[in-house]
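Undergrad: Before I ask anything, let me first share the structure, which is written out below as structure tokens.
The values are calculated or read from the model by the stated rules, or taken from the named source; none is laboratory data. It should be emphasised that the depicted structure is a prediction, and the values quoted were computed from it without experimental measurement. Cβ coordinates were reconstructed from backbone atoms using ideal geometry, including for glycine residues, and neighbour counts include every protein chain displayed.
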Amino acid sequence: MISERRSAAEGRLLLDGLLLSKIEQLPDIVVEIKYLPGGLVDWERRVREGSWQLQAALDRYARPSIGWLIIVTARALDARRKERVEKGFVETGEGVRLSIVTPDELGQLGLPG
């Protein structure tokens, strides 16, 4: 669900996506999506920003959940640049996942495991 608003303990919560689990014992998935266009100079900042926004949403979301940061790049990253993006991802604890994909790879994107 894109731009899903869900009630949080202290009001409304704006999310890029929210996957609700039908099985009570499994967590919901809170999704933050960042797009990195080809000409973007400060893409490391965008990744950090996405990490912070995801953690803020997880902190406010009242149900058991995991976080999923999806970085969509204009074109495939070489190994060196992908490593830099992964380093820019601030892992704030267990239950937070990162996926880096191009627009063409979005169709093959699977749920984080």
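Undergrad: For a quick check of your reading: which strands (runs of 3 or more DSSP E) sit entirely within the range 1-108 and have at least 1 residues that are under 16 Å from the mean Cα position of the chain (by Cα) and either at pLDDT 85 or above or small (Gly, Ala, Ser) (or both)? Steps first, please.
TA: On the way: elements: 5-8, 11-14, 17-19, 28-36, 65-73, 96-101.
Strands (runs of 3 or more DSSP E) meeting the threshold: 17-19, 28-36, 65-73, 96-101.
Undergrad: A follow-up question, please. Where the second residue is modelled with pLDDT of 90 or more and not in a loop (DSSP other than H, G, I, E, B) and the first is more than 16 Å from Arg60 (Cα to Cα) and among the polar types (S, T, N, Q) and lies in the range 16-29, which pairs have Cβ atoms under 9 Å and are six or more apart or on separate chains?
TA: Ser21/Asp28; Ser21/Ile29; Ser21/Ser65
Undergrad: OK, next. Among Arg63, Arg48, Arg75, which is the only one that is more than 13 Å from Asp16 (Cα to Cα), out of contact with any Gly (no Cβ under 9 Å at 6 or more places or on another chain) and among the basic types (Lys, Arg)?
TA: From the options Arg63, Arg48, Arg75, the qualifying one is Arg63.
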